[in-house]
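The values are calculated or read from the model by the stated rules, or taken from the named source; none is laboratory data. Please read these numbers as outputs of a predicted model, since none were measured by experiment. Glycine also receives a Cβ, built like all others from the backbone with ideal geometry; neighbour counts cover every protein chain displayed. With ligands, DNA and RNA removed, areas are computed over all heavy atoms of the protein, side chains included. Shrake-Rupley method; radii C 1.70, N 1.55, O 1.52, S 1.80 Å.
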Amino acid sequence: MFQVIITILIGISGICWSIVYIECIRNGFKQKTYCMPLFVLALNFAWEGIYAYTDLFIRHNIGAQAIANSCWFILDIFIVITWLKYGRKDFTGAKKKFFIPWTLLVIITAFVLQILFIYEFGNVEGEKYSAYLQNIAMSLSFLALLDKRKSSEGQTMTIAICKCIGTLTPTIYGALEGNMFILISGAICFIFDFIYIGYLYKVKSSEKRILVA
């Protein structure tokens, strides 16, 4: 029974995160913007790329998580493309020439950080701990992006809710295993996700009132 519950939670998480990425791609190209801030996009890109590679080619563990990581990595490539196509507008004036160098620096930094987690904690624990820390960073980054734009540009309730559920379900799984780090960091992430959902709903409601008026 316990294993069935774990499988269901992992499945829900995988579906929700896939929806987040697909929605980021769809909305990014539709609105000609980027939906995921660069730093957390780079962390995600590095995390999924590294663990897809290690699962498939080093540990030869072709399970559900390895398949999910591989699919997410492919989706991340398209999210990176939206950043490369539309992120340049944030680099005005003389800063435009630093767009590509800055992007490369952030991505390289993300890979270095993810490799350090593996070096210090190993593949299994490093995968868990880095995932939750970057999820907290992602929640904060989405909040910051919403506040910076003062609009719902590139952000939808689907992304917000699915991101929340996608992190909450493995947090329950970690809690059932007695992992205090996952429980606490997951709870922190849920709090910021809940705030983000409320903030986004308020912004979208204001935009609707303006359109009606």
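If only the Cβ of Lys and Arg carry +1 and only the Cβ of Asp and Glu carry -1, the dipole of the stretch 78-213 around its Cα centre is close to 1000 debye. Extension gain for Gln31-Phe99 works out to 22.4 nm (0.36 nm per residue, less the C-alpha to C-alpha distance).
Accessible surface ranking for Arg26, Arg59, 1.4 angstrom probe, highest first: Arg26, Arg59. Count the net charge of all other residues whose Cβ sits under 13 Å from the Cβ of Gln134, scoring Lys and Arg as +1 and Asp and Glu as -1. So the environment of Gln134 carries a net charge of -1.
For the stretch 1-118, the gyration tensor built on C-alpha atoms gives an oblate shape. Its axis ratio a/c (a ≥ b ≥ c) is at least 1.5, and a/b is not larger than b/c.
Let a ≥ b ≥ c be the square roots of the eigenvalues of the Cα gyration tensor of the stretch 117-213; is it rounded (a/c under 1.5), or, if not, prolate (a/b larger than b/c) or oblate?
Numbers: a/c = 3.62, a/b = 2.38, b/c = 1.52.
Prolate shape, in that a/c is at least 1.5 and a/b is the bigger ratio.
Annotation for Ala144 and Ser205: the two label points, set 7 Å from Cα along the Cα-Cβ direction, are 2.7 nm apart. At a probe radius of 1.4 angstrom, the accessible area of the chain per residue rounds to 52 square angstrom. Checking the cross-link pairs Lys97/Lys148; Lys96/Lys208; Lys95/Lys202 against a 30 Å limit on the alpha carbon distance flags Lys96/Lys208; Lys95/Lys202 as lying beyond it. Taking a straight line from the alpha carbon of Lys150, these aspartates and glutamates sit under 15 Å away, with near neighbours fewer than eight places off in the same chain left out: Asp90, Glu207. Simple spin-label estimate for Phe121 and Ile77 gives 2.8 nm between the two label positions (7 Å along the Cα-to-Cβ direction from each Cα).
Fully extending the segment from Ala187 to Ile8, taken as 0.36 nm per residue of separation minus the present Cα-Cα distance, adds 62.5 nm. Solvent-free Debye calculation, one equal scatterer per alpha-carbon of the chain: log10 I(q)/I(0) at 0.14 Å⁻¹ equals -0.87.
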